[in-house]
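Have a look at the structure below, then the notes.
The values are calculated or read from the model by the stated rules, or taken from the named source; none is laboratory data. Fair warning: this is a prediction, and the values are worked out from it, not measured in the lab. All Cβ positions, glycine included, derive from the backbone under ideal geometry; neighbour counts span all protein chains shown. What goes into the accessible areas is simple: the full protein's heavy atoms, side chains included, and nothing from ligands, DNA or RNA. Shrake-Rupley method; radii C 1.70, N 1.55, O 1.52, S 1.80 Å.
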Amino acid sequence: MENQDYHMTPEQFRIEGKKIIDWIADYYQQIEKYPVLSQVKPGEILSVLPENPPQKGESMDSMMKDIDEKIMPGITHWQSPNFFAYFPSNTSFPSILGDLVSSGLGVQGMIWATSPAATELETRVLDWLAEMMGMPEKFKSTSSGGGVIQDTASTSALTAIIAARERATKFESNQKGVRQKLVAYISTQTHSSLEKAIKMAGIGKDNLRLIDVDEHFAMQPELLRKEIQTDKEAGLIPFFICGALGTTSSNAMDPLRKIGEIANREECWFHIDAAMSGTAMLCPEFRHLMDGVELADSYCFNPHKWMFTNFDCDVFWVANRNELINTFSILPEYLKNKATASGAVFDYRDWHVQLGRRFRSLKLWFVIRHYGVEGLQFHIRKHIKLSQLFTKWVEDSADFELVVEPPLNLVCFRHKNGDEFNMKLMNAVNETGKVFFTHTKLNGQVVLRMSIGQTFTDEQHLTKAWDLISTTAKEL
Ligand code: PLP
């Protein structure tokens, strides 16, 4: 290395950085040459990595050579247009560039004073998003609430549960032992992150009720009402209810208005988990799915799933920011400053668990400004249309059946030959490396899932996937 102080110089950075941008652009142009699902065995990547760190610095070229040769075989290509597994985790070039600027600035925006722009851009962008998605006024910073970017929907769930716990115990749960009486309600289909958060928040699994679902896998509000009644009669305190706008397994839509009415009547915190499907609210024609959202205390969705924004980026809105701030605010001497004392600024560290925070609103800002509302709507509508097309192919086929009517971009279907056959079929298709899709179980039966939402997925990709699935089924 020429440079005696070991640092990379700005000139070297300029050269290497451009090469890496080219590498990323090439990756996207050639992404379909890779098997979508990584084919390596456990330990295979570890075995090609040196056991000890280098004593002397190495060149960027040698690192990128290792990326190509040692790392790429262990990559499952989430950004491939042939990726239909789990849920989308799509990204886009404007998002990657926004994240790069964030890395370049290296801002730690824990409080307003540590970078006013990091706080104020986040406030503005989340207010924009609230507007773009037809959210109630109360979720905006100009009203009683506001939005904050969390890393994941799991963290939003934890944040909501802790704030709910504090509100229910008059912000004294850490002082007084009232916590054991608090009870939370989710459905049997609610994402596992809610159960995890209930455990982490000290509520305990015994105080979590799983409400049964109807034939569409949506929570049954009447059963929720009865369960709450039973708990109250036993001297317990219902404090938190989560409704899903799109469950993970089958994209079921909980009846949010009915659940919200119960929550409001029983003075329970009402959280809506719209992790993937929330993005569809960009299009007015799908907003009937969030009917009752104005009854919620908090709502989250992940631009890092379906809104072309790279991981991690979860938007968490609350109706009353003071409840959040009263829950999470602690002010040690070393963080005191004039702006905080003035009360005129948001310090987002008071809105979540961690102190430090990245400048994540930059990538959202870039995405929204690049695509505009129209561009985002165009792509969401396209994904939903593609899902309808796939649904039609399933319905027209003699061998396959649809399991539930897809509300948006997840198609749940199965081959008529039973569980074992479906698993064999899925594994055989995935082993070709041409497509990657996954399964779930609904009513105890194996169900195949096509989750359609990758940035560059088009009709031709779906056509190829369906051909592969249906011909493989005939050959098995
Ligand atoms: N909620 C739902 C409905 C999900 O589908 C998921 C992800 O699968 C999550 C929550 C958890 O998301 P995250 O990885 O952002 O915590």
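Here are the numbers:
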read-out	value
Sole residue being β-branched (Val, Ile, Thr), touching a Lys or Arg at 6+ places or on another chain (Cβ under 8 Å) and either within 24 Å of residue 313 (Cα to Cα) or not in a loop (DSSP other than H, G, I, E, B) (or both), chosen from 67, 45, 71, 20	45
Matching option when the condition is at pLDDT below 95 and among the polar types (S, T, N, Q), among 39, 29, 55	39
Residue tally, condition farther than 14 Å from residue 432 by Cα and either open to solvent by 80 Å² or more (accessible area, probe 1.4 Å) or of a type in the set (S, T, N, Q) (or both), over region 456-469	5
Hey, residue 52 closer than 19 Å to residue 308 by Cβ and not in a helix (DSSP H, G or I) or not	no
Sole exception among (1) touching a residue at least 24 places away in the same chain (Cβ under 8 Å); (2) within 16 Å of the ligand (Cβ to nearest atom) for residue 207, by number	(2)
Filter result for residue 195 (within 16 Å of residue 272 (Cα to Cα) and free of Cβ contacts under 8 Å to residues at least 24 places away in the same chain)	yes
Any chance residue 220 is more than 15 Å from the ligand (Cβ to nearest atom), closer than 30 Å to residue 279 by Cβ and in contact with an Asp or Glu (Cβ under 6 Å, 6 or more places away or on another chain)	yes
Scope region 125-155; condition hydroxyl-bearing (Ser, Thr, Tyr), out of contact with any Pro (no Cβ under 9 Å at 6 or more places or on another chain) and not in a helix (DSSP H, G or I); matching residues	141, 142, 144, 152
Identity of the residue in region 23-37, closer than 16 Å to residue 465 by Cβ and assigned to a helix (DSSP H, G or I), that ends up least open to solvent (accessible area, probe 1.4 Å)	31
Test: residue in region 163-183 that is within 16 Å of the ligand (Cβ to nearest atom), of a type outside the set (D, E, K, R) and buried (at least 21 other Cβ atoms within 10 Å of the Cβ)	no
The lone exception for residue 211 - which of (1) over 19 Å from the mean Cα position of the chain (by Cα); (2) over 21 Å from residue 290 (Cβ atoms); (3) β-branched (Val, Ile, Thr) it fails	(2)
Residue in region 362-381 that is open to solvent by 10 Å² or more (accessible area, probe 1.4 Å), at pLDDT 95 or above and part of a strand (DSSP E or B) present	no
Flag for residue 160 being among the hydrophobic types (A, V, I, L, M, F, W, C) and open to solvent by 10 Å² or more (accessible area, probe 1.4 Å)	no
Region 156-203 - residue that is part of a helix (DSSP H, G or I) and of a type in the set (Lys, Arg) and, of those, nearest to the chain's Cα centre (by Cα)	196
Set 114, 152: member being at negative phi, within 16 Å of the ligand (Cβ to nearest atom) and either polar (S, T, N, Q) or at pLDDT below 95 (or both)	152
Cross-chain or 6+ apart pairs with Cβ under 6 Å, region 140-151 first and among the β-branched types (Val, Ile, Thr), then open to solvent by 10 Å² or more (accessible area, probe 1.4 Å)	149/360
Test: residue in region 238-253 that is open to solvent by 20 Å² or more (accessible area, probe 1.4 Å) and either in contact with a strand residue (DSSP E or B) (Cβ under 7 Å, 6 or more places away or on another chain) or more than 16 Å from the ligand (Cβ to nearest atom) (or both)	yes
Residues being within 10 Å of residue 111 (Cβ to Cβ) and part of a helix (DSSP H, G or I) - total across region 334-346	3
Qualifying positions in region 38-67 - surrounded by fewer than 14 Cβ atoms within 10 Å (Cβ to Cβ), among the hydrophobic types (A, V, I, L, M, F, W, C) and farther than 30 Å from residue 431 by Cβ	63
Scan of region 193-219 for residues that are aliphatic (A, V, I, L, M) and open to solvent by less than 50 Å² (accessible area, probe 1.4 Å), ordered by number	194, 197, 198, 201, 203, 208, 211, 213, 218, 219
